[in-house]
Every structure is written in structure tokens, then in C-alpha cells.
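Read the structure below first, then the notes.
The values are calculated or read from the model by the stated rules, or taken from the named source; none is laboratory data. What you see is a predicted model; the values in this text were computed from it and never measured. For neighbour counting, all protein chains shown are included, and Cβ atoms are generated from backbone atoms with ideal geometry for every residue, glycine included.
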């Protein structure tokens with residue numbers, strides 16, 4: 001039997017699907033925190049989520065017939081639910097509402113690793129030249145320069161700023177190598193949002209979100225969001241760019257051992273580039289998250 | 001001019017990118033949003049391939065589908081060496097035999113990957129078992145080949161489209177939860193494929209390290 005999730009995790013809003021990709025009138029099944037869920041959308045387009053019993057993927061269903069429902073909210077193109085008592089609010093991404101941005105899901109992809117490992121990989125710049133060769137990095141520009149990390153008390157999130165990296169092809173809209181500046185936010189234990197210099201408009205930033213759906217302690221689904229300033233690329237082009245990057249990360253993530261994220265500072269040896277990961281691990285520890293991690297021995 | 005209707009994370013599309021890279025053939029890409037957009041089932045795509053499958057390749061006005069068939073076409077048309085799809089009848093049969101194995105690898109190893117990663121409704125355990133059965137047979141075939149001085153799936157002393165066709169979903173098997181740890185000869189063969197001049201990667205497949213020099 002899987003162990004019950006800690007109360008903090010249980011009461012979080014968790015992403016479960018890209019709303020537009022949920023079929024209207026058909027059941028989709030998934031797993032959240034070892035719990036079987038069924039999902040659909042009503043004829044009004046609104047998602048409905050409930051605890052799965054004997055429903056199978058693809059069954060026809062009238063959403064109105066589902067009476068016992070889990071709480072649902074939609075945000076950033078995704079459907080979120082909660083198995084406990086949710087907070088009123090989900091973390092803000094104000095840029096998403098800017099009218100000239102191209103917002104899109106980039107697919108929900110299953111990975112055989114814990115959600116916190118996937119967040120941590122998202123925060124790491126050190127792997128760019130080796131894993132995303134000639135796109136997000138290239139030798140000999142392998143140095144992760146000093147950057148700032150803080151935990152914002154007011155917003156309860158990890159914030160890494162002044163992250164700079166020389167990237168051969170920073171985005172679909174890039175026309176050559178550039179030094180890119182990143183800001184990373186971790187506003188939710190299993191979600192991260194990054195802001196990076198936009199090749200098309202130097203005054204603004206492209207926004208990329210990774211929202212992890214913890215299926216079990218060692219498996220998750222990565223739901224990817226792009227909110228871009230790009231007046232020329234198609235959605236297909238932009239998705240392809242992001243999926244290319246994610247497809248490179250996938251085998252690396254799935255080969256991490258242990259699959260749960262160890263929170264004891266002595267269990268893995270960090271380097272300077274891992275400053276944001278150290279802050280993230282400490283933040284999870286202080287929150288009392290035990291799901292998908294190996295907690296620090298008390 | 002060649003145009004490939006392509007999805008980056010598709011091993012079947014990658015087979016064609018790989019052979020065209022080895023043959024140094026220029027081509028254009030039309031990206032198809034296979035996931036999550038399911039554009040391979042859209043009307044415009046079904047007009048190119050009524051079976052609704054990637055890849056599709058256009059060479060001027062000629063429209064082709066099925067990765068194995070297109071590999072044969074590209075080799076016969078553009079490989080001036082004649083090595084990648086040899087004319088000898090017995091060897092042609094050998095190559096086509098392995099093209100069929102490649103399709104079996106797709107329906108097992110790739111199916112497990114699609115089920116685990118992309119939410120496809122396939123039977124994961126059955127797909128994994130099927131892939132292990134094929135990998136065991138390939139490992140034996142390659143192991144005896146090595147003992148006899150044969151490095152590739154078919155008998156010639158050079159790779160053929162059979163090796164290209166079988167390679168991607170062997171390499172991507174771990175995404176389907178299928179370890180290659182028990183198949184050392186299979187792993188050595190994947191290293192040899194990755195050292196073919198002109199080799200190129202796809203997302204999820206990394207280059208091989210340099211070969212050991214005696």
C-alpha cells in the first residue's frame with residue numbers, strides 16, 4: 001500500500017489535464033497521489049473530476065450525471081483539482097493574461113521519476129550544454145555564473161534571479177547565440193515557472209511553466225506551458241521546440257536514483273550551480289512535504 | 001526537393017532523418033503536432049496518408065508513407081553506393097525481414113513508451129513482454145554475428161536500412177520501462193549504429209562515446 005500523502009500535499013491544488021485536451025462527453029482516467037481519478041468535460045466545456053470507480057478510458061458519460069465531484073479550478077489552460085481542502089488561490093502568473101502572448105500547452109508527458117526531481121531538473125542550468133547541446137548551451141560555455149536565490153516569505157516561493165547563460169538557440173524565435181537571463185520561481189512544491197529573455201522583444205520575457213502531477217511517489221506527469229512573445233512561429237513550431245528540449249531531459253530524469261528527492265543535505269553533494277536546488281530542498285523540508293521525497297532524518 | 005512531415009519525438013520519423021543525414025540529403029521539415037494536437041488524424045494529413053500515420057515524405061510530387069517503405073525508396077533512389085538497400089535478391093529479403101521486425105518493435109517497445117509517456121491506452125505489460133522477446137532474439141542473432149565477424153543485422157559487411165529501421169525503438173525502450181541491461185550484444189550494436197558517419201540524434205537518444213582503440 002502506498003503511504004498516505006502528507007497533509008500539505010493533500011491540500012494542494014494539483015494539475016491533472018490540459019483543459020482543451022479533455023474530451024467532452026468521454027471519460028479520461030488518470031492517477032493523482034496514488035488515487036484513481038476520472039475526468040471529463042460537460043457540454044459547457046467545463047471540466048469535471050471525480051474519484052474513479054469502474055469507469056474506463058473512453059467511456060461515454062454525461063458530465064451532469066456525476067454528482068460526487070472533487071473541487072476543480074481552471075488556470076493557465078489546465079485543470080486543477082484537490083483531494084483534501086484546497087486553498088482559495090492558486091499561485092499567480094500575471095503574464096498569462098497579457099493579450100499579445102501566445103499561450104499553449106505543450107503536452108502532458110509521463111515520466112518515471114518523482115515530481116520534485118522533475119522540478120529540480122527544471123531549475124538546473126548546469127546540464128544545458130551537455131543535454132541540450134547547441135540549443136540551450138554548448139561547450140566551452142559551460143560555466144553557471146553566480147546567481148541569487150531567496151525564499152520570498154510574502155509569496156511563499158523560491159526565487160532565483162540573475163541567472164545568465166550563453167545559449168545558441170534560446171527560443172524558436174532566436175536567430176543566433178545570445179546571453180540569456182533567467183528568473184526561476186517555484187511557487188508550488190510541484191510547479192515551477194521560468195522567465196527568460198525574449199529574442200523578439202528585449203524588454204519582455206518569455207514564460208515557461210512546468211506543472212507536475214504527482215501520480216505516485218516515483219511517477220509524475222509533466223504538464224508544460226509556454227506563454228510566449230513570438231509573432232511569427234506557429235503553435236506547432238513552438239510546441240516542437242519545447243518538446244525537443246523536454247524529450248532530451250526525459251531519459252536523464254528517468255535515470256536518476258533514487259527516484260524520490262533526498263532532502264537530507266548530506267545525501268547528495270551539491271556544487272555552487274545547485275544553489276536554487278538547495279533552497280528548494282530546504283523549502284520542501286520546512287513545509288513538511290514528505291510525498292515524493294526522502295525526508296531528512298529527524 | 002524532399003519534404004518530411006515530421007514529429008520530433010517519433011522514432012519512425014527519426015529513421016528517415018537518420019538515413020537522410022547519413023546520405024547527406026537536404027530536406028525540408030513540415031512539423032506535425034502528433035501530440036498533443038493529434039494532427040495526424042486531421043483532414044489535411046489524412047489526405048496525404050489515409051492511414052493517419054507518421055511519417056509522410058514528399059519527393060516533388062510523389063507522396064510516400066510508412067517508414068520502412070520510405071527507407072527503401074530513399075536508399076534505392078539516392079544512395080549511389082548501393083549499400084544501404086542492396087540489390088542482391090537474398091539480401092533484399094534479409095533486409096525486408098528486419099524491416100518487419102522493426103514494425104514488431106514499434107508495436108511493442110514504442111507502444112509501451114506511448115502508454116507510459118503519452119497516455120495511450122495500450123497494454124503496458126504485454127507490450128513490454130513482447131519487446132523483451134524480440135530483444136532476446138536480436139541479442140542472440142547479434143552475439144552469434146559478432147562471433148562470425150558480422151557487425152550488423154544483415155549479412156553484408158556494412159549497415160543497411162534494416163539497422164536504421166530497428167535502431168530507434170530499441171534505443172527508446174527505457175522510456176517504455178524496458179531495460180536493455182540483459183542484452184549486451186544488442187547494446188554493442190546500438191553503439192556501432194551511433195558511430196556510423198553522418199549519424200544524428202533525436203530527443204531521447206544521445207551520441208555514443210568514442211570507440212575503444214586497440
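Selection within segment A:178-201: residues that are closer than 24 Å to residue A:117 by Cβ and assigned to a loop (DSSP other than H, G, I, E, B). The member of this set that is farthest from the chain's Cα centre (by Cα) is A:189.
Just one of the listed residues (B:203, B:179, B:173) is modelled with pLDDT of 95 or more, out of contact with any helix residue (DSSP H, G or I) (no Cβ under 6 Å at 6 or more places or on another chain), under 25 Å from residue B:117 (Cβ atoms) and within 14 Å of chain A (Cβ to nearest Cβ), and it is B:179. Look through segment B:182-200, keep the residues that are more than 18 Å from residue B:133 (Cβ to Cβ) and in a loop (DSSP other than H, G, I, E, B), and return whichever of them is nearest to the other protein chains (Cβ to nearest Cβ). If we take residues in segment B:182-200 being more than 18 Å from residue B:133 (Cβ to Cβ) and in a loop (DSSP other than H, G, I, E, B), then B:200 is nearest to the other protein chains (Cβ to nearest Cβ). Of the strands (runs of 3 or more DSSP E) lying entirely inside segment B:26-95, those containing at least 3 residues that are touching a residue at least 12 places away in the same chain (Cβ under 8 Å) span B:28-31, B:56-59.
Return the residue satisfying two criteria in turn: it lies in segment B:115-128 and is surrounded by 15 or more Cβ atoms within 10 Å (Cβ to Cβ) and without any contact (Cβ under 8 Å) to a residue 40 or more places away in the chain, and of such residues it is nearest to the other protein chains (Cβ to nearest Cβ).
As a first pass, look at segment B:115-128 and keep what is surrounded by 15 or more Cβ atoms within 10 Å (Cβ to Cβ): B:115-120, B:122, B:124, B:127-128.
Pick out the ones that are also without any contact (Cβ under 8 Å) to a residue 40 or more places away in the chain and you get B:119-120, B:122.
Details: B:119: 7, B:120: 10, B:122: 11 Å.
Residue satisfying both the conditions and the ranking: B:119.
Rundown of residues vs (1) more than 30 Å from residue A:208 (Cβ to Cβ); (2) touching a residue at least 40 places away in the same chain (Cβ under 8 Å); (3) not assigned by TED's automatic domain parsing to the domain that holds residue A:288, yes/no style:
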position	(1), (2), (3)
A:12	no, yes, yes
A:63	yes, no, yes
A:66	yes, no, yes
A:72	no, no, yes
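Is there a residue in segment B:130-143 that is within 14 Å of chain A (Cβ to nearest Cβ), closer than 24 Å to residue A:250 by Cβ and buried (at least 23 other Cβ atoms within 10 Å of the Cβ)? No: segment B:130-143 contains no residue that is within 14 Å of chain A (Cβ to nearest Cβ), closer than 24 Å to residue A:250 by Cβ and buried (at least 23 other Cβ atoms within 10 Å of the Cβ). Exactly one residue out of A:193, A:183 is in contact (Cβ under 8 Å) with a residue 40 or more places away in the chain, more than 11 Å from chain B (Cβ to nearest Cβ) and over 25 Å from residue B:202 (Cα atoms), and it is A:193. Here is a check on your reading of the model: is residue B:12 more than 14 Å from chain A (Cβ to nearest Cβ) and assigned to a loop (DSSP other than H, G, I, E, B)? Judged against the criteria, residue B:12 is not a match. Counting only residues that are part of a strand (DSSP E or B) and buried (at least 16 other Cβ atoms within 10 Å of the Cβ), segment A:1-34 holds 10 of them. Within segment A:203-225, is there a residue that is away from every other protein chain (no Cβ under 14 Å), modelled with pLDDT under 95 and either crowded, with 18+ Cβ neighbours inside 10 Å or over 18 Å from residue A:158 (Cβ atoms) (or both)? Yes, there is a match, as at least one residue in segment A:203-225 is away from every other protein chain (no Cβ under 14 Å), modelled with pLDDT under 95 and either crowded, with 18+ Cβ neighbours inside 10 Å or over 18 Å from residue A:158 (Cβ atoms) (or both).
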